[in-house]
């Protein structure tokens, strides 16, 4: 099955405070309440289209890639960190309101971008009316029962990223690699090709190269370990929903265990999507769309 991301209604270029550039795209029903949506480390938001297309009939959907990912040009590698990415979110939020008009906005973020949204909210800089955070890979304090599993997981991902293939003659070659992985075998139809096209950019020397260099991808996995992101629900000003990987499968993703613990200890509204890993929106896009829709209806987001 081949899927195509539709042409956006509008595209704006946003410049971060250090000069990083972002191509922010508007889709969906412009008259509806706004959803701002982004992705996890090493991916691109167009690869999540099987998920976010569920919102297009009702919501003003604005999507963007994180710095040095997806559609965006390469930013300064020295600034590839959570501090700059959180400020990037500040810049993008201001630009979206300025260009498309101010309106209630919910943020739907996965993994790395979910952590940035959480950091923005904890700093008191967030104007989101609600946050839906998909499986943020938060690592708890030393001595916590989940910490060792999460640290091992992040080191494993960093090792994989440093040694991954980063050049392809055709995006379909990367799509084939995705489809052969343990998670990729469960991805919804068409998602592997969508994601391959979302993370590759034409290489001036020929073929296709990863938009996000593998060394930068690896660095973000490791940066998450000392981040110390283990908040209480009361520390965030807006309604927040955690949606996690299934912690009860025979071999659960450590992030599923982490999110269950964070929700229990921090008092967060929480749902786990049965049968999923950390890439839950790619595996079960319908269930992952239904959960935020129920949450947003419950809080009367409109």
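Quick notes on this structure:
- Rounded to the nearest 5, the antiparallel percentage of DSSP beta bridges internal to the range 151-302 is 55%.
- Residue order, fewest to most surrounding Cβ atoms within 10 angstrom, among 68, 258, 91: 91, 68, 258
- Euclidean distance between Cα centres, the range 128-191 to the range 204-247, Å: 9 Å
- The range 147-302: translational diffusion in µm²/s, Stokes-Einstein, Kirkwood Rh over Cα pairs, 4 °C, 1.567 mPa s: 74 µm²/s
- Neighbour-count ranking [beta-carbon atoms within 10 angstrom, fewest first] of 273, 299, 243, 12: 299, 12, 273, 243
- Of all DSSP beta bridges in the range 10-298, antiparallel share, percent nearest 5: 40 percent
- Calculated P(r) of the range 32-88 - Cα pairs past 17 Å, %: 42 percent
- Compactness of the chain, taken as the C-alpha radius of gyration over 2.2 N^0.38 Å, stands at 0.92.
- With the convex hull constructed from alpha-carbon coordinates only, the range 1-151 shows a mean projected area of 10.2 nm² over all directions.
- Where a label projected 7 Å from the Cα of residue 155 along Cα→Cβ would reach, residues of the range 212-253 with amide N under 18 Å: 218-228
- Highest-first packing order for the peptide set 245-251, 25-31 is 25-31, 245-251, based on the mean count of other beta carbon atoms within 10 Å.
- Efficiency of FRET between residue 13 and residue 297 - r from beta-carbon atoms, R0 35 angstrom, step 0.05: 0.55
Every read-out reported here was derived from the displayed coordinates using simple, explicitly stated rules and does not represent laboratory data. Computed from a predicted structure; not experimentally measured. All Cβ positions, even for glycine, are placed from backbone atoms using ideal geometry, and neighbour counts span all protein chains on display.
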